[in-house]
Each structure stands twice: as C-alpha cells, then as structure tokens.
Amino acid sequence: MLNDDQRDRYIEYLAAYSVEKYRNYHSAFTINPDYPESPGAYFGNRTSKKRTFAKAVSNCGPDCLIYAIDRKVVWKDAMDKAELDEIADNMADGFDIEIKYFNEVEFELSEKQRKRFEDQFIAQKAELNRLNMAYAVSPDGEAASMIRINKKSSDQELVERMVLVQCNSLTENNDCVVYAYNRTRYTD
C-alpha cells in the first residue's frame with residue numbers, strides 16, 4: 001500500500017510517536033489514495049480518539065483513509081506490517097543514540113542520497129519558518145531519511161535524534177549521521 005515516500009513519512013510518524021511527550025497522545029496516520037504523494041499524520045493532544053481520527057482525515061482531504069492508529073497498522077492491505085511494527089519497536093528502544101554529523105573525509109554521499117536530499121529536503125526549505133527539518137545518511141550510500149517536525153514541539157537535538165533513529169531503522173549497521181539541519185549542511 002505505501003510507496004517509498006509514504007513509507008518514509010510513516011517512519012517519520014513512528015519516530016515522532018517514540019518521543020516521550022507523544023506517547024500518551026492519540027494519533028492517526030492517514031493516506032489519501034487520490035494524492036499518494038501527500039500522506040498526512042496528525043497528533044491529537046489528549047482528546048478523544050474519535051475526534052483525533054476525524055481531524056486527521058479532514059486534514060488529509062476527501063477520500064482519506066486511516067493507515068495507522070497510534071503505533072498499530074489498521075489498514076487491511078498494509079504491506080510489510082511486521083517490518084513496520086519492528087521499526088516502531090526499535091525506535092522506542094533506540095532513542096538515546098549519540099548524535100554524529102557528516103564528515104566528507106569519512107565518506108561521500110551516493111547519487112541516490114544526493115538526489116533525495118535535493119528532491120525532498122531542498123524542495124521543502126520554504127517550510128522552515130514553521131518546521132525544524134533534518135536529513136541523515138548512512139555511509140554505505142543506501143539509507144537516507146528526512147524528518148520535519150513542528151518548531152513549537154521540537155528543538156535541534158530532538159529532531160536530529162529522530163532523523164537518526166529513522167535512518168538507522170533502514171540500515172543494518174546503525175551508523176547513520178546527520179547531513180543537514182534546517183539551513184546548516186555538515187559538509188564543505
């Protein structure tokens with residue numbers, strides 16, 4: 001059901017849900033089949049589940065479907081449900097990781113990582129007035145993750161930890177590094 005961008009956004013949602021302050025919140029992850037490039041996530045405060053889900057669907061648009069409630073995938077045709085559940089569990093366990101930054105002497109970005117950075121991170125820089133954004137990469141050239149979190153509920157350390165947890169969930173070596181945070185790129 002999830003395309004690559006939606007899967008990345010869902011992992012971002014799981015990373016946010018792993019943060020202590022969100023664990024008692026009701027949340028929903030929605031998908032709009034008519035606009036597969038724009039999945040949405042909504043975190044309610046401590047309101048009723050029904051209100052949270054209604055708000056999540058209305059934010060996503062007409063014909064929106066709920067893919068996950070809290071950390072549980074509820075979409076009947078969810079692909080790789082076991083893998084996504086394992087990612088959620090690993091995120092909850094690995095949030096105290098050390099923050100490491102990109103160093104171009106140690107490795108170079110792969111073409112895949114560079115293209116993803118340009119297509120996703122640079123394309124969304126206009127959102128920096130309301131969001132904190134970070135981008136992480138793995139030394140093997142395969143994994144790359146971006147995360148966007150509301151400025152009111154995040155700081156640099158939190159966002160960088162979340163993007164590393166997300167990136168590490170995509171690689172076996174858990175060796176991702178932060179490549180960019182907001183307007184700062186940790187390179188030449």
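The values are calculated or read from the model by the stated rules, or taken from the named source; none is laboratory data. Computed from a predicted model, the values in this text were never measured in an experiment. When we count neighbours, we look across all protein chains shown, and the Cβ atoms used for this are built from the backbone with ideal geometry, even at glycine. Surface areas here come from the heavy atoms of the whole protein model, side chains and all, with no ligands, DNA or RNA. Shrake-Rupley method; radii C 1.70, N 1.55, O 1.52, S 1.80 Å.
Per-structure values
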item: Qualifying residues in the range 16-46 (those that are of a type in the set (A, V, I, L, M) and at pLDDT 75 or above) - the one surrounded by the fewest Cβ atoms within 10 Å (Cβ to Cβ); result: 31
item: Condition met for residue 179 (outside any helix (DSSP H, G or I), at pLDDT 90 or above and within 14 Å of the chain's Cα centre (by Cα)); result: no
item: Which listed residue, of 156, 120, 113, is within 22 Å of residue 7 (Cα to Cα) and at pLDDT below 90; result: 120
item: Yes/no for residue 53 being within 14 Å of the chain's Cα centre (by Cα) and either at pLDDT 70 or above or surrounded by 14 or more Cβ atoms within 10 Å (Cβ to Cβ) (or both); result: no
item: Some residue of the range 118-126 being under 17 Å from the mean Cα position of the chain (by Cα) and either surrounded by 14 or more Cβ atoms within 10 Å (Cβ to Cβ) or within 16 Å of residue 15 (Cα to Cα) (or both); result: yes
item: The range 135-153, residues that are open to solvent by less than 20 Å² (accessible area, probe 1.4 Å) and part of a loop (DSSP other than H, G, I, E, B); result: 138, 141, 143
item: Residues being under 12 Å from the mean Cα position of the chain (by Cα) and either free of Cβ contacts under 8 Å to residues at least 60 places away in the same chain or not in a helix (DSSP H, G or I) (or both) - total across the range 154-167; result: 2
item: Boolean, residue 170 is within 13 Å of the chain's Cα centre (by Cα) and outside any loop (DSSP other than H, G, I, E, B); result: no
